[in-house]
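The values are calculated or read from the model by the stated rules, or taken from the named source; none is laboratory data. Quantities reported herein were computed from a predicted structural model and do not represent experimental measurements. Virtual Cβ from ideal backbone geometry, glycine too; neighbours counted across all protein chains shown.
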Amino acid sequence: MKKTVFITGSSSGIGRATALKFQHEGWNVVASMRSPGKESELTALANVICPALDVHDVESIRSALAAGIERFGKIDAVINNAGYGLIGPFETFSQEQIERQFQTNVFGLMNVTREILPHMRANFSGHIINIASFAGRSIFPLYSVYHASKWAVEGFVDSLSYEAGRFNIRLKLIEPGTIRTEFWGRSTDRVNATGIEAYDDYSKPILDAIDTAAASLSARAEDVAEAIWVAANDHSGRLRYVVGADAHITLLARKLLPDSLYQALIQATFHSGAVNHVGTLKSFLAGRASR
């Protein structure tokens, strides 16, 4: 019997690449998105449906899950992919921006997870795969609220894995580094909502360096889709799947270095205007190892 995957945020980037990957591998695909009326590629594929879903709207989540179960009978894996990044100095964000970041990245993911758990418990099987980030275990300047949301996802999933495991439900965390997707375009919010300009001279060169690095060094959405595929077929207790050279080296530095040295590393990487953050990280770690 064919397996079925349910994906949020399938209209572009990682979500779309994942839908195409699973469909190619012979799974049924429920590729949910906020505006399915605009979709033509996925809806033309066999064994793919594209129900409307907004992770802020619990009723739309229930409706999309019901559509998937009605069409395919069972959902074997859920991919919590919908999300975006709020980037910039904390003082420039409005309360509404901060709440929206958590509503999407954290509460939306929790809403989908809450709604699928009874179905998976009843079937005594399932994978819930959550797109976190290497930003969920590392720290960079100008990402304070985004970091907070991704650290929350990491803690939520890590703890939930114990109670869900009693029902043979596997929780997984995908931790990509910078990825060449629309995340760096329409999926980021950099609006200075408060009008505070005190950080302009600090933030502009850092954001420029981040954009350059994202364009030249990041992995592909297809690389993340491949990691998701591996996780969906992994019945072991493995929790985390890291994607991208920058993610691997950054998380290694975070693991090995004390806070003071990690802070010095981030200073060297971002505040110098360096754009080859992988090269900077490697050089820094090599220098520390030789001392």
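Assorted remarks:
- Considering residues of region 34-62 that are in a helix (DSSP H, G or I) and either within 23 Å of the chain's Cα centre (by Cα) or charged (D, E, K, R) (or both) only, the residue farthest from GLU115 (Cα to Cα): LYS38
- Set ALA214, ALA253, ALA231: member being at pLDDT 90 or above, of a type outside the set (Phe, Trp, Tyr) and under 18 Å from the mean Cα position of the chain (by Cα): ALA231
- Residue within region 14-25 that is assigned to a loop (DSSP other than H, G, I, E, B) and farther than 16 Å from GLU115 by Cα present: yes
- Residue within region 159-170 that is closer than 23 Å to ALA77 by Cα, surrounded by fewer than 16 Cβ atoms within 10 Å (Cβ to Cβ), touching a helix residue (DSSP H, G or I) at 6+ places or on another chain (Cβ under 8 Å) and among the aromatic types (Phe, Trp, Tyr) present: yes
- In region 67-85, the residues that are among the small types (Gly, Ala, Ser) and touching a His at 6+ places or on another chain (Cβ under 9 Å): ALA77
- Residue match in region 42-58 (condition: under 19 Å from ALA221 (Cα atoms), free of Cβ contacts under 8 Å to residues at least 40 places away in the same chain, surrounded by 15 or more Cβ atoms within 10 Å (Cβ to Cβ) and not aliphatic (A, V, I, L, M)): no
- Residue-level analysis places ASN111 outside the set of residues that are at pLDDT 95 or above, under 13 Å from the mean Cα position of the chain (by Cα) and under 30 Å from LYS2 (Cα atoms).
- Some residue of region 84-100 being in contact with a strand residue (DSSP E or B) (Cβ under 8 Å, 6 or more places away or on another chain), within 20 Å of ILE228 (Cβ to Cβ) and modelled with pLDDT under 95: yes
- Cβ pairs under 8 Å, 6+ apart, first in region 235-257 and closer than 22 Å to ALA221 by Cβ, second among the aromatic types (Phe, Trp, Tyr): VAL242/PHE134; GLY244/PHE134; ASP246/PHE134; ALA247/PHE134; THR250/PHE134; LEU251/PHE134
- Taken together, VAL78, VAL112 contain a single residue that is touching a residue at least 12 places away in the same chain (Cβ under 8 Å), crowded, with 18+ Cβ neighbours inside 10 Å and part of a helix (DSSP H, G or I), which is VAL112.
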